[in-house]
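Inspection log for the structure reproduced underneath, given as structure tokens.
None of the figures in this text is laboratory data; all of them are computed from the coordinates on show. All values reported here derive from a predicted model rather than from experimental measurement. Every residue, glycine among them, receives a Cβ derived from its backbone with ideal geometry; neighbour counts consider all protein chains shown.
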Amino acid sequence: MTAQRQLSEQEQALARVAAVQKRLVQHSDWSEQAGRLHDDSFAAIVEARVPRLFLPTDLGGDEVNPMTCALVCEEIAASDTAAAWHIMVFNAAKLMAAKWPSELVETLWGDQPDRLVAASGHTPLQGKRVDGGIEIWGTQRFVSGCNFAEWIMSPILMDGEMHNAVIAIGDCQVQDNWDTLGMRGSGSNDVLIDHVRVPSLQVVPPAQPDTPVNHYYQGALYQCPSRIVFATYVPVALSLAKRAIDEVALLVKTKTPGGGASKLTEKHMAQGHFGRALALYRSARLMFYNALEITWQRALDGLEPNAEHRADLYLAGTHAVQTSAEVVRLMGNIAGTTMTERGHPLDRINRDMETLRHHGFVNESRYASVAQVLWGAELDYPAMLR
């Protein structure tokens with residue numbers, strides 16, 4: 001991909017986002033209160049072709065490079081973090097399908113590229129072979145976007161090995177129990193699968209390094225390691241950090257701390273917090289996008305990702321989220337009680353960031369996961385994250 005083509009791809013993708021951003025802003029508070037994305041917000045991101053970002057072109061997708069996806073995610077998050085979270089919701093399964101049978105891929109997206117297959121790897125389901133297919137049972141947690149999904153994808157433990165299964169949402173029971181501090185509009189409810197039988201085609205054995213990709217997934221994007229999925233949700237944290245910085249920059253112009261005579265702009269400690277936060281945000285964002293670019297260039301060059309390159313990408317994603325959380329905390333040190341005022345933008349930024357930083361794939365413990373790779377120690381995270 002030439003630099004000019006990449007720039008054109010990004011410009012087109014961002015223009016589609018710009019065309020729907022007013023609708024996302026308009027419904028953001030509704031989604032926050034309802035605990036799921038507003039119907040029109042969902043329609044808007046579909047119009048912006050969010051479901052097709054990481055879908056192969058032969059299936060009607062856009063197959064964009066990871067930097068374009070990340071920029072789209074940041075831009076949508078500036079309007080509504082829950083809408084931006086649906087970039088991951090729509091595209092995670094589409095990335096994982098690279099080594100699935102072509103027939104299964106066609107079943108899911110052959111006639112409808114925008115079909116949502118919600119996914120979660122939090123709690124593996126149980127499965128056993130029965131006449132005519134596979135019987136599956138259990139409860140999968142944190143299934144973002146399940147209110148709009150037609151299918152759910154989940155790991156299942158069967159025959160002593162972890163498989164992936166896709167199950168029609170109509171055969172499942174969505175539990176309306178997503179009640180959290182932040183990221184409320186993601187609609188990440190639990191889903192109960194009560195001894196559902198599915199055809200064997202819908203249960204995929206664990207992929208091995210030599211498992212070939214199916215014929216739809218031949219592009220460079222699908223030569224990247226699975227952690228390229230970071231491009232679909234890590235930028236939400238970067239957007240929150242940037243918005244916190246911008247809100248505080250406005251706030252200090254008028255706010256005078258309680259018990260003081262001078263404005264915040266004249267407080268040396270506040271100045272120090274702001275400068276440090278700005279450096280942290282800019283460096284973490286640069287590190288993250290640089291890791292995406294390195295991963296993408298290696299894929300274009302036909303180079304297989306080794307353990308160290310995978311760890312570098314994991315480190316950049318984890319660091320972007322955890323550093324963004326630190327930035328928001330520093331902005332709270334400056335803003336004081338304003339950060340806790342219900343309805344102030346900083347309140348929701350803080351709540352969303354506190355929720356997001358605990359996500360299992362990028363929480364603080366994942367720094368140790370990187371060390372485990374580099375030290376050759378035993379890995380403490382699931383194979384699907386490697």
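For the stretch 296-324, filtered to residues that are of a type in the set (D, E) and part of a helix (DSSP H, G or I), the residue that is farthest from N363 (Cα to Cα) is E308.
Per-residue answers, yes or no, for (1) out of contact with any Lys or Arg (no Cβ under 8 Å at 6 or more places or on another chain); (2) among the small types (G, A, S); (3) closer than 27 Å to A320 by Cα:
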| position | (1), (2), (3) |
| --- | --- |
| D179 | yes, no, yes |
| R184 | yes, no, yes |
| V204 | no, no, no |
| Q208 | yes, no, no |
| L221 | yes, no, yes |
| L250 | yes, no, yes |
| H273 | yes, no, yes |
| L286 | yes, no, yes |
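Count of the stretch 140-170 residues, restricted to those that are without any contact (Cβ under 8 Å) to a residue 24 or more places away in the chain and either crowded, with 22+ Cβ neighbours inside 10 Å or of a type in the set (D, E) (or both), is 0.
Of all residues in the stretch 130-154 being among the hydroxyl-bearing types (S, T, Y) and assigned to a strand (DSSP E or B), which is farthest from P206 (Cα to Cα)?
T139
Residues of the stretch 343-370 that are over 20 Å from A77 (Cβ atoms), touching a residue at least 24 places away in the same chain (Cβ under 8 Å) and of a type in the set (A, V, I, L, M, F, W, C): V370 alone.
With the requirement that a residue be touching a residue at least 12 places away in the same chain (Cβ under 8 Å) and assigned to a helix (DSSP H, G or I), what does the stretch 1-21 give you? Of everything in the stretch 1-21, those that are touching a residue at least 12 places away in the same chain (Cβ under 8 Å) and assigned to a helix (DSSP H, G or I) turn out to be Q6, E9, Q10, A13, L14, R16, V17, A18, Q21. Got at least one residue in the stretch 308-322 being surrounded by fewer than 15 Cβ atoms within 10 Å (Cβ to Cβ) and of a type outside the set (V, I, T)? Yes - at least one qualifying residue is present in the stretch 308-322.
Number of residues in the stretch 195-250 that are assigned to a loop (DSSP other than H, G, I, E, B) and over 19 Å from the mean Cα position of the chain (by Cα) equals 16. Looking at the stretch 286-297, which of its residues are without any contact (Cβ under 8 Å) to a residue 40 or more places away in the chain and not aliphatic (A, V, I, L, M)? Those that are without any contact (Cβ under 8 Å) to a residue 40 or more places away in the chain and not aliphatic (A, V, I, L, M): N290, Q297. Taken over the stretch 108-119, the residue count meeting the criterion of being without any contact (Cβ under 8 Å) to a residue 40 or more places away in the chain and either part of a loop (DSSP other than H, G, I, E, B) or charged (D, E, K, R) (or both) is 2.
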